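Beneath this line is the structure, given in structure tokens, with notes to follow.
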Protein chains: 2
Amino acid sequence: MAKAKTPHRTGYHHGNLRDTLIDAAIQLVEEGGPDNVSVREAAKRAGVSPGAPFRHFQSKTALLTAVAEQAMNRLTEAVANALSEVDSADPIVAFEAIGQGYLEWAIGNPTHFQIISSRTLIDFDASDSLRGQNEAIRRKMIDLLTQAQRQGQLAANADFDHLVLAARAFVYGLARMVVDGHFPEWHPSEPPSLAVRKALHLFISGMTNLSEARSQEPLPPLSSGRLDRNGQFT
Amino acid sequence: MAKAKTPHRTGYHHGNLRDTLIDAAIQLVEEGGPDNVSVREAAKRAGVSPGAPFRHFQSKTALLTAVAEQAMNRLTEAVANALSEVDSADPIVAFEAIGQGYLEWAIGNPTHFQIISSRTLIDFDASDSLRGQNEAIRRKMIDLLTQAQRQGQLAANADFDHLVLAARAFVYGLARMVVDGHFPEWHPSEPPSLAVRKALHLFISGMTNLSEARSQEPLPPLSSGRLDRNGQFT
DNA sequence: TCCCATTTGTAATCACTGCTTACATCCCCT
DNA sequence: AGGGGATGTAAGCAGTGATTACAAATGGGA
């Protein structure tokens, strides 16, 4: 946990308000999702006036960004943990483990997942930490695919950029479906944690068996009509 | 558009406030996303007092649900349109077209996509229309996969449930990545509309070339440690 | 040791939100 | 013609993020 070493409130001054506010915000997030966080309530829980937090955070967004950074640390940790438990030299197995670790964390921490995935609740671009950890995961994925290619598990002309994009989109989509509550409509018959593992395994299987022939076929044309901003074809 | 046939305001009564409010809400959504919608502002634009909308919508959620129903109509239309333009008997081509139509609509109408995908802004379960149209698309996907199987394009023991789940997750994930603004981090080199098409094609290729052997391998084990609600392994 | 600038808190206030209640007005049906 | 139900208004509640002027505590230099 975000150890807030509070040196006892001395009366007027709090002592460690910044960290205490982050902890309060985390608590609020866990109780009722990102929308349950209000600066006032965080201040109240820290035993402080409603205006005090703004000495430490320029805005509510800044507070939630601090929460996101902690959440991202834990996600990175979970992924690293999943990787370290792989007892195989097969890079594809490791690749799948990343996805599995990501999904387990997202499903186990849905509200934190929502926060790090949002670009309206937090200021992602302003955080070196958030951008850096995200990029680290992406690099690891590319590394593993490169290894797989060297070992002949991927076609020599495999399209890494789109492969990584596809893998990320797939895992992100699964996580969001669970978190957004879309599972009842799309897969009611099984607990999400299990269905997600099976789907992931299916995806990895498909990825490694891409025949060069079909994947090199020309793309189907765009729909002839263009979409206007109301979704109508014109 | 949601033709609000307004029979002239007679002075006190509005005449067609319900539809007018929906239109105003749509306008607000298009201007600044779902968060830009406020009941008061919709009322103001309809030229009516702040309390009036509550005669027609029990809550803000109910108003947004009405917006979602209109958006869903257009999504269904876009998908149907994409399907009708397929000039091939290959069910896999049609399957890809559904994904392509979905993605084009989502990218072209990001805020409407956000609304129909949310389960907090709207009351999805309470709307027969929303549930029905969603289910119709899912059925169509299963139909096409069934045809593909009959024609030998999918393994005889193909796992339809998880295949449809995977396809849906993949397309949903791509759409959300675009809409949520994750593309700069994951695929900065290309316009999303193009990258998305390529990734989709890659996914479809992988799906149809699933070797039975690998996809029937046992699942890798769950991470040995369990995740607590803070994302820590215990 | 004292002093004062800096840091960190308070109090009051603003504009905005969703929503409710009591009351006014108008339309339509008998 | 008139009354009942539908639809609007006015006023107001509690809660929000954020800003401002002011007060208190802290700690480093003389």
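The values are calculated or read from the model by the stated rules, or taken from the named source; none is laboratory data. The model shown is predicted, which means the values in this text are computed figures rather than measured ones. Every residue, glycine among them, receives a Cβ derived from its backbone with ideal geometry; neighbour counts consider all protein chains shown. Side chains are part of the model used for accessible areas, which takes the heavy atoms of the whole protein and leaves out ligands, DNA and RNA. Shrake-Rupley method; radii C 1.70, N 1.55, O 1.52, S 1.80 Å.
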* Asked: Among the residues of the range B:19-43, which ones are free of Cβ contacts under 8 Å to residues at least 60 places away in the same chain and touching a Leu at 6+ places or on another chain (Cβ under 8 Å)?
  -> B:LEU21, B:ILE22, B:ALA25, B:ASN36, B:VAL37, B:SER38, B:VAL39, B:GLU41, B:ALA42, B:ALA43
* Being open to solvent by 40 Å² or more (accessible area, probe 1.4 Å), at the interface with chain B (Cβ under 8 Å from one of its Cβ atoms) and either without any contact (Cβ under 8 Å) to a residue 40 or more places away in the chain or assigned to a helix (DSSP H, G or I) (or both) narrows it down to one of A:GLU135, A:GLU69, so name that one. => A:GLU135
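Residues checked against (1) open to solvent by 10 Å² or more (accessible area, probe 1.4 Å); (2) charged (D, E, K, R); (3) touching an Asp or Glu at 6+ places or on another chain (Cβ under 7 Å):
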| position | (1), (2), (3) |
| --- | --- |
| A:ALA169 | no, no, no |
| A:ARG176 | yes, yes, no |
| A:PRO184 | yes, no, no |
| A:PRO192 | yes, no, no |
| A:LYS198 | yes, yes, no |
* Give the residues of the range A:44-66 that are under 16 Å from A:ILE122 (Cα atoms), more than 8 Å from DNA strand D (Cβ to nearest atom) and without any contact (Cβ under 8 Å) to a residue 60 or more places away in the chain, sorted by residue number. => A:HIS56, A:LEU64, A:ALA66
* Restricting attention to the range B:22-65, report how many residues are open to solvent by 20 Å² or more (accessible area, probe 1.4 Å) and part of a loop (DSSP other than H, G, I, E, B). => 9
* To do: Filter the range B:95-106 down to residues that are over 16 Å from B:ARG139 (Cα atoms) and open to solvent by 10 Å² or more (accessible area, probe 1.4 Å), then give me how many there are.
  => 2
* Asked: Does A:VAL29 qualify as being in contact with a helix residue (DSSP H, G or I) (Cβ under 6 Å, 6 or more places away or on another chain), closer than 30 Å to A:ALA97 by Cβ and in the same structural domain as A:ASP125 (by TED's automatic domain parsing)?
  -> no
* Structure fact -> Within the range B:72-89, residues more than 19 Å from B:ILE26 (Cβ to Cβ) and open to solvent by 30 Å² or more (accessible area, probe 1.4 Å) come out as B:ALA80, B:ASN81, B:LEU83, B:SER84, B:GLU85, B:VAL86, B:ASP87, B:SER88, B:ALA89
* Working only within the range B:138-162, note down all residues that are over 18 Å from the mean Cα position of the chain (by Cα), surrounded by fewer than 20 Cβ atoms within 10 Å (Cβ to Cβ), assigned to a helix (DSSP H, G or I) and not acidic (Asp, Glu). => B:THR146, B:GLN147, B:GLN149, B:ARG150, B:PHE160
* Structure fact -> If we ask which residues in the range A:172-187 are among the hydrophobic types (A, V, I, L, M, F, W, C) and at the interface with chain B (Cβ under 7 Å from one of its Cβ atoms), their number turns out to be 3
* Asked: Out of (1) open to solvent by 30 Å² or more (accessible area, probe 1.4 Å); (2) within 16 Å of DNA strand C (Cβ to nearest atom), what's the single condition that is false for A:LEU17?
  -> (1)
* Which residue out of A:ILE122, A:ILE92, A:ILE115 is outside any helix (DSSP H, G or I) and either in the same structural domain as A:GLY15 (by TED's automatic domain parsing) or open to solvent by less than 40 Å² (accessible area, probe 1.4 Å) (or both)? -> A:ILE122
